[in-house]
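Before anything else, here's the structure in question.
The values are calculated or read from the model by the stated rules, or taken from the named source; none is laboratory data. Since this is a predicted model, take the numbers as computed values, not measurements. With ideal geometry, Cβ positions are generated from the backbone for all residues, glycine too; neighbour counts draw on all protein chains shown.
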Amino acid sequence: MKLIFLGPPGAGKGTQAKRIEQVHNLVQLSTGDMLRAAIASGSDVGKQAKEVMDGGNLVSDDIVVGIVAERLKDDDLENGFILDGFPRTVGQAKSLDKMLSDRSEALDAVVSIDVDDELLVERITGRYTCAKCGKGYHDMFERPETEGVCDRCGSTAFSRRADDNAETVRERLKAYHAETAPLLPYYAEKGILKTIDGMTEIEQVTGQIDEVLNGIN
Ligand code: ADP
Ligand code: ADP
Ligand code: ZN
């Protein structure tokens, strides 16, 4: 299955992609993670992306499409993938269509996780991850079983993203509404858009996505 998880920052794309990839044997492809890895490596792409990301704006289509095109060449994607955070503009969506059609492939579904803006600020400012294994947590909504210890790997080191502050979130939401929301009618027209309610508990959101995926199998 080839899927896109679409939604505003903080909607739960990453959280759900990590849960769904295990059950359905897919690979999560997060452009945000790829860009942060590029920044950490000190590459030219990373240098160009850093300032844009810190300001809450979108990295250029050229850079992001280039990163995805490279990743799609890897041979671990035979069973399918979940694009998390890509595409974010109609230009990126068109490039993706082209990349897939060149390989005689097509998307199976675009899962749109619908969450109101007011909830997103709360979700993003409370977000943190395990510094060792990357598992996601939230100050209020997804706490580790033992305070300060990662459920999955036992690490006691956690990190927060530089761009997860109230000010940058507002910029990111603006970018979402201006540039990314037009993807909803774009995919609806293609007949592959599946909209789910992202304002319920994590478990219930996973259940809704599962139902959608079982329907297209
Ligand atoms: P995205 O990848 O769309 O930006 P995340 O998956 O990182 O969003 O989720 C943002 C934050 O909100 C994380 O801290 C996560 O633990 C929390 N979260 C995700 N889904 C829910 C939910 N359904 N209810 C409450 N909190 C959630
Ligand atoms: P979130 O999970 O909060 O939606 P991401 O980790 O997906 O955030 O992305 C973080 C930042 O990386 C974005 O604010 C943007 O600057 C950049 N970015 C990630 N994916 C893309 C993309 N497809 N196009 C342009 N910029 C992107
Ligand atoms: Zn961990």
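Return yes or no: is V90 within 16 Å of ligand 1 (Cβ to nearest atom), at pLDDT 95 or above and under 17 Å from the mean Cα position of the chain (by Cα)?
No, not satisfied.
Of the conditions (1) away from ligand 1 (no atom under 14 Å from the Cβ); (2) among the basic types (K, R); (3) within 19 Å of G10 (Cβ to Cβ), R160 clears all except one; give me its number.
Looking at each condition in turn, R160 falls short on (1).
Sticking with this one: Looking at this structure, is V68 of a type in the set (A, V, I, L, M), modelled with pLDDT of 95 or more and farther than 24 Å from L213 by Cα?
no
Right, another one. So, Q22, is that one surrounded by fewer than 17 Cβ atoms within 10 Å (Cβ to Cβ), under 30 Å from M199 (Cα atoms) and either within 16 Å of ligand 3 (Cβ to nearest atom) or of a type outside the set (F, W, Y) (or both) or not?
So Q22 passes the test.
If you don't mind, another one. For D197, which of the numbered conditions (1) out of contact with any Asp or Glu (no Cβ under 7 Å at 6 or more places or on another chain); (2) within 17 Å of G14 (Cα to Cα); (3) among the acidic types (D, E) fails to hold?
Result: D197 fails condition (1) only.
So if I check each of D117, D84, which one is under 19 Å from F5 (Cα atoms), within 16 Å of ligand 2 (Cβ to nearest atom) and modelled with pLDDT under 95?
Working: D84 fails: modelled with pLDDT under 95.
One residue alone meets the criteria, D117.
Give just the number: which of (1) near ligand 2 (Cβ under 10 Å from one of its atoms); (2) outside any loop (DSSP other than H, G, I, E, B); (3) over 19 Å from Q92 (Cα atoms) does V52 not satisfy?
Single failed check for V52: (3).
Sticking with this one: Quick check: anything in segment 72-83 aromatic (F, W, Y) and in contact with a strand residue (DSSP E or B) (Cβ under 6 Å, 6 or more places away or on another chain)?
The initial filter retains those residues of segment 72-83 that are aromatic (F, W, Y), namely 81.
Now narrow it down to the ones that are in contact with a strand residue (DSSP E or B) (Cβ under 6 Å, 6 or more places away or on another chain): 81.
There is at least one residue in segment 72-83 that is aromatic (F, W, Y) and in contact with a strand residue (DSSP E or B) (Cβ under 6 Å, 6 or more places away or on another chain).
A further question on this structure: Evaluate segment 144-157: report whether one residue or more is free of Cβ contacts under 8 Å to residues at least 24 places away in the same chain and away from ligand 3 (no atom under 16 Å from the Cβ). Write out each step before concluding.
Of all residues in segment 144-157, those free of Cβ contacts under 8 Å to residues at least 24 places away in the same chain come to 144-154, 156.
With the extra rule that they be away from ligand 3 (no atom under 16 Å from the Cβ), the set shrinks to none.
The answer is no, given that none of the residues of segment 144-157 is free of Cβ contacts under 8 Å to residues at least 24 places away in the same chain and away from ligand 3 (no atom under 16 Å from the Cβ).
Considering only segment 90-114, how many residues are among the charged types (D, E, K, R) and assigned to a strand (DSSP E or B)?
Result for segment 90-114: 1.
Filter segment 70-114 for residues that are polar (S, T, N, Q) and surrounded by fewer than 14 Cβ atoms within 10 Å (Cβ to Cβ); which is nearest to Y176 (Cα to Cα)?
Among them, the one singled out is S101.
If N79 passes every condition in (1) under 30 Å from E203 (Cβ atoms); (2) assigned to a loop (DSSP other than H, G, I, E, B); (3) touching a Lys or Arg at 6+ places or on another chain (Cβ under 9 Å) but one, which one does it miss?
All conditions pass for N79, except number (3).
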